[in-house]
Amino acid sequence: MSGARERPARGGTPAGLDEIDRIVLRELQRDGRISYTALAEVTGLSAPAVRQRVQRLREEGVVQIVGVTDPMALGLPVMALIGVRVDSDVHAVADRVGELPGVIYVVLTSGSFDMFVEVVCEEPGELLAVLNDHIKRVPGVTRAEAFTYFGIHTHRFAWPGS
C-alpha cells in the first residue's frame, strides 16, 4: 500500500514545533545518524530529552529516519517521471500503481495529470514494460506519459527554515 494512504499529508508547519524541534530536524537532515549526545550538545538538552523529542517527532510523522540510496550506484540508471491520467478513484489507482515493480514514488496532483509516478529501472526495455505492460493496464488509467531523466540536477532533503 502506498505511504500516502497510510498517513495523511501535512500542510504548512505542524503545530507544536518549537525552536528546539527545528534544530533537531535541521541536524537530522544534515546527518540522520547523529547521536543523541551530539544533538544534546547542539540543543542544550540532555541526551534522554533529545531522544524523547526525536521519538515524538517520529511518532507524529514529522520525520522519518531512512537511508537514501543513489539509483545509479545501485545499477538503476534508467529513471523517469510518468504522468498518469485517471478516470476513476485516483486513490485506488495510486495504490495499485504504487505496488508495481520499479515504482519508487507516487504523488497525487492537479493539472494535466492526476498523479506522477517515479520509476527506476536497469535498462530502457524495463521502463517500457513498466509503462506499457503495467501502468497502462491498471483499471482506471486512461493515459500515461513518460518523461525520461537525463540526469538529476538538484536533489534536496533539507526543508528551508528547518
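All of the numbers you see were taken from the coordinates with simple rules; none came from a lab. Source: prediction; values computed, not measured. Counting neighbours? That spans all protein chains shown, and the Cβs are built from the backbone with ideal geometry, glycine included.
Determine the dipole magnitude for region 17-67: charges of +1 sit on the beta-carbon of Lys and Arg, -1 on that of Asp and Glu, nothing else is charged, the reference point is the Cα centre, and the result goes in debye to the nearest 20.
On the way: 8 positive and 8 negative charges, 30 e Å.
Dipole magnitude for region 17-67 comes out near 140 debye.
Just to be sure I follow: if Rg is taken over the C-alpha atoms of region 17-67 and Rh is the Kirkwood radius over the same atoms, what is Rg/Rh? Let's see the in-between values first.
Working: Rg = 9.7 Å, Rh = 10.7 Å.
Rg/Rh for region 17-67 comes to 0.91.
Considering the chain as a Gaussian network with a 10 Å cut-off on Cα pairs, which listed residue, GLY16, GLY44, GLY61, attains the greatest mean-square fluctuation?
GLY16
Kindly rank 63-69, 27-33 from highest to lowest mean number of other beta carbons found within 10 Å of each residue. Kindly include the intermediate steps, with their values, before the conclusion.
Numbers: 63-69: 10.3, 27-33: 13.7.
Those peptides, ordered most packed to least, come out 27-33, 63-69.
Quick one: go through region 104-124 and flag any residue whose amide nitrogen is under 19 Å from the point 7 Å out along the Cα-to-Cβ line of THR142.
Of the residues in region 104-124, 108-117 have backbone N under 19 Å from the label point off THR142.
Starting from the Kirkwood radius over alpha-carbon pairs of region 78-148, derive D by Stokes-Einstein at 4 °C in a medium of 1.567 mPa s and give it in µm² s⁻¹. Spell out each step's value before the answer.
Numbers: Rh = 11.6 Å.
Here the translational diffusion coefficient equals 111 µm²/s.
May I ask you to evaluate 6.51 cos²θ - 1.76 cosθ + 1.60, the Karplus curve with θ = phi - 60°, for each residue of region 83-89 and list the ³J(HN,Hα) values in order in whole Hz, giving x for glycine and proline?
Going residue by residue, I get x, 10, 9, 10, 10, 9, 4 Hz, with x marking Gly and Pro.
What nm distance separates the two modelled labels at TYR105 and ALA129, each placed 7 Å from Cα along Cα→Cβ?
Rounded to a tenth, the inter-label distance reads 2.4 nm.
Taking the Cβ of ARG85 as the centre, find all other residues whose Cβ is under 12 Å away and add up their charges (Lys, Arg: +1; Asp, Glu: -1).
Working: positive: LYS136, ARG143; negative: ASP87, ASP114, GLU145.
For residues surrounding ARG85, the net value is -1.
Test of understanding: what is the full-extension gain from GLU59 to ASP87, defined as 0.36 nm times their sequence separation minus their Cα-Cα distance?
Working: separation 28, 0.36 × 28 = 10.08 nm, distance 3.52 nm.
Stretched fully, the GLU59-ASP87 segment lengthens by 6.6 nm.
Compute the signed sum of charges (Lys and Arg +1, Asp and Glu -1) over the other residues within less than 15 Å, Cβ to Cβ, of ILE135.
Values: positive: ARG85, ARG96, LYS136, ARG137, ARG143; negative: ASP87, ASP95, GLU99, ASP114, GLU118, GLU126, ASP133, GLU145.
Within the 15 Å Cβ shell, the charges total -3.
Is it possible to state the helix-based mean residue ellipticity at 222 nm for the chain, with each DSSP H run of 4+ residues giving -39500 (n - 2.57), the sum divided by total residues, to the nearest 500 deg cm²/dmol? What is it?
Working: 6 runs with 51 residues, N = 162.
It comes out at -8500 deg cm²/dmol, rounded to the nearest 500.
Dipole magnitude of the chain about its Cα centre, charges +1 at Lys/Arg Cβ and -1 at Asp/Glu Cβ only, in debye to the nearest 20? Don't jump to the answer; show the numbers that get you there.
Values: 17 positive and 21 negative charges, 75 e Å.
So the dipole magnitude of the chain works out to roughly 360 debye.
Calculate the radius of gyration of the Cα atoms of the chain to one decimal place, then report Dmax, the largest Cα-Cα distance, as a whole number, both in Å.
Cα radius of gyration and Dmax of the chain are 19.0, 55 Å respectively.
Note the angle between two axes, namely the Cα long axis of helix 19-30 and the longest principal axis of the Cα atoms of the chain, as a number of degrees from 0 to 90, rounded to the nearest 10.
Value to nearest ten degrees: 50.
In degrees, nearest 10, range 0 to 90: what is the angle between the Cα axis of helix 47-59 and the longest Cα principal axis of the chain?
That works out to roughly 30 degrees.
Suppose R0 equals 41 Å. What FRET efficiency, 1/(1 + (r/R0)^6) with r the Cβ-Cβ distance, do GLU118 and ARG51 give to the nearest 0.05? Show your work: numbers first, answer last.
Values: r = 33 Å, r/R0 = 0.81.
Calculated value: 0.80.
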